[in-house]
Amino acid sequence: MFSLGEKIGMNRRDLLKFSSYAVAAASAPALAASAPAPHSSGPIARWDFLELEFAGPSTGNPFVQVSLTATFRQMNRTLTVDGFYDGGGIYKVRFMPDELGEWSWTTSSSAPSLHGQSGVFECVAPQDGNRGPVSVRDGYHFAYSDGAAYVECGTTCYAWAFQSEDTQRQTLETLSASPFNKLRMCLFPKWYQHNRKEPPIYPFPRNGEVNDYSTFNVAYFQHFDRLLLELGRIGVQADLILFHPYDKWGYQSMPAEVDDRYLRYVIARFGAYRNVWWSLANEFDLLRAKTAADWDRYARILGEYDAFGHLRSIHYCYHQYEYGRGWCTHAGVQDSRLQLGAQWRSDWGKPVVFDECRYEGNIASRWGNISGDAMTRRFWQAAAQGCYCGHGETYLDPNDTLWWSHGGVLHGSSPAKIAFLRKLLEETIALGPGPIGFTNFNDDPMGARRANDTVIFYYFDEHQPAEGTFALPEGKTYTAEYIDTLQLTRTPLPGEYSGKADVKLPGTPWGSLWFREKGVA
């Protein structure tokens with residue numbers, strides 16, 4: 001039995017072609033005449049996943065006729081997860097242990113051969129690089145489960161999962177060398193400009209134009225297993241988009257019971273991966289066949305069946321979602337009004353991520369032809385609002401391979417500049433005691449500060465002051481540094497600063513002034 005941490009040591013080519021992600025924990029007898037003997041497995045690292053595999057019924061329709069759950073126990077704590085059918089008479093249960101020590105488990109099933117299986121395993125300390133899932137910390141920010149701050153720095157490749165193996169491999173290589181630590185990606189194929197081709201495989205069996213919604217195409221979801229594990233190996237969070245409107249195959253208007261079964265299958269299959277986030281939809285308001293009651297039901301399914309509490313949000317086109325709702329862990333907005341971020345953060349009481357704020361590129365659509373400097377500016381504005389931002393790129397390509405949808409390679413100038421900002425934030429976002437993250441405190445120029453006042457910064461945007469007076473907290477002394485956000489230079493300013501500090505500046509646009517409390521490391 002393998003865990004995620006054990007898997008990711010494989011090389012990329014082997015892993016992309018690997019068709020099974022765990023050895024069998026046990027093979028259930030055909031008939032359970034008596035209680036099966038308990039199974040034991042090797043140690044599983046914290047926040048990796050245990051995969052249990054059982055032989056069970058293969059006749060009829062196992063997807064709808066066989067139920068399987070497993071309850072995991074540690075001391076007085078219990079967690080129950082759904083199992084899923086993986087084809088060929090094989091059933092699986094995946095579980096991510098989040099506490100060290102011995103765990104036990106027991107299955108419950110409508111099939112006698114799957115019912116009453118049990119076992120134990122030991123959860124041990126995680127390997128280097130395994131920081132656990134990301135969750136909300138200190139109200140408006142994110143952190144890994146081991147306590148380290150997570151500076152969200154996302155990008156989008158909607159349909160990369162449906163490209164050639166070479167393009168998928170190239171996408172992973174590009175991501176691993178980029179500043180991006182989150183990827184927005186669709187679970188259903190996409191039909192849109194620059195995306196007018198059939199996927200190599202479909203999520204449901206298909207006869208002509210008719211989908212057989214009674215079963216799943218297991219190979220389709222096994223492919224996503226491989227991609228999600230690869231993203232985890234390179235430290236990238238997978239923001240899985242569960243529904244979207246850019247569809248010609250009928251997936252945006254499936255019957256309600258199919259939607260629900262699909263969601264439970266996806267949660268059972270992918271929920272134990274530590275790098276998964278859930279996005280209920282891309283542009284939910286364009287999915288005309290779905291009602292507000294549908295979205296509420298989907299949110300309840302996520303909350304009820306995801307035992308591991310992954311991050312959850314939803315994305316809109318024209319009509320902003322009510323992000324104050326309790327099921328949303330954060331607001332994943334589509335908007336270019338970055339200056340509203342601090343107010344929205346306060347209104348909704350949770351982190352704000354500008355997942356889509358237009359794209360660096362040169363296509364005809366205005367949403368896809370801003371400059372690299374304009375994209376960089378959005379990241380700086382988001383940071384100064386105490387929020388986070390998402391990147392996208394839509395440069396025309398002779399092979400019509402655009403990063404925003406297909407992945408491949410990046411052509412723009414913004415990634416290097418975004419990497420520069422991410423490094424600055426990671427240096428300072430948790431400096432000193434108290435809550436992590438920055439909070440906006442000034443509008444003109446935009447300014448943000450740590451709650452403990454160890455770090456204060458201003459972003460001058462298009463303005464080019466040659467001097468300024470800045471009020472610093474009483475009783476503290478600071479050093480100062482001028483950041484050129486486009487030339488990527490950091491220039492220490494002479495002297496020390498306190499009280500109402502007069503500062504001489506270069507008088508160039510797109511600059512940022514950073515104050516750091518003296519003696520705080």
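Overview of values
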{"read-out": "FRET E, pair A125, K518, Förster distance 56 Å, beta-carbon r, rounded to 0.05", "value": "0.90"}
{"read-out": "Separation in nanometres of the label points that stand 7 Å from Cα toward Cβ, at R325 and A466", "value": "5.4"}
{"read-out": "Under 28 Å from the Cα of K248 - lysines, other chains or at least 8 residues apart", "value": "K182, K190, K197, K290"}
{"read-out": "Eligible aspartates and glutamates near K500 by straight Cα distance, threshold 19 Å, same-chain separation 8 or greater", "value": "D443, D444, D453, E467, E474, E481, E517"}
{"read-out": "Cα-based Rg of segment 134-428 normalised by 2.2 N^0.38 Å, two decimals", "value": "0.94"}
{"read-out": "Pairwise FRET efficiency - Q193 versus E427, Cβ, R0 = 35 Å, nearest 0.05", "value": "0.30"}
{"read-out": "Stretchable slack from R169 to A148, in nm (0.36 nm times residue separation minus alpha-carbon distance)", "value": "4.7 nm"}
{"read-out": "Protection-proxy order for peptides 381-394, 166-179, 192-205, each taking the mean of Cβ atoms within 10 Å per residue, highest first", "value": "381-394, 166-179, 192-205"}
{"read-out": "Potential extension, S214-L100 segment - 0.36 nm per residue separation minus Cα distance", "value": "37.1 nm"}
{"read-out": "For the chain, convex hull of alpha carbons as volume per residue, Å³", "value": "151"}
{"read-out": "Rounded to 10°, Cα long-axis angle of helix 372-384 versus longest principal axis of the chain", "value": "90"}
{"read-out": "Helical contribution to [θ] at 222 nm, DSSP H n ≥ 4, -39,500 (n - 2.57), averaged over the chain, rounded to 500", "value": "-6500 deg cm²/dmol"}
{"read-out": "At 0.890 mPa s and 25 °C, Stokes diffusion of segment 430-521 via Kirkwood alpha-carbon radius, µm² per second", "value": "183"}
{"read-out": "Sorted peptide list for 62-70, 113-121, criterion being average Cβ within 10 angstrom, highest first", "value": "113-121, 62-70"}
{"read-out": "Ordering of 226-234, 348-356 by burial proxy (mean other Cβ atoms within 10 Å per residue, highest first)", "value": "348-356, 226-234"}
{"read-out": "Net charge over other residues, Cβ less than 12 angstrom from the Cβ of V93 (K, R count +1; D, E count -1)", "value": "-1"}
{"read-out": "Projected label distance in nm at F63 and K504, using a 7 Å step from Cα toward the beta-carbon", "value": "7.2"}
{"read-out": "Spin-label proximity, S346 to segment 288-331 - amide N less than 17 Å from point 7 Å beyond Cα toward beta carbon", "value": "324"}
{"read-out": "Unit charges at the beta carbon, dipole of the chain: most positive-side option, P351, V276, L425", "value": "V276"}
{"read-out": "N452 versus Y318: modelled label distance in nm, points set 7 Å from Cα along the beta carbon direction", "value": "4.8"}
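Just so you know, all these numbers are worked out from the coordinates, no wet-lab data involved. Since the structure is predicted, the reported quantities are computational estimates derived from the model, not experimental observations. Note: ideal-geometry Cβ built from the backbone for every residue, glycine included; neighbour counts use all protein chains shown.
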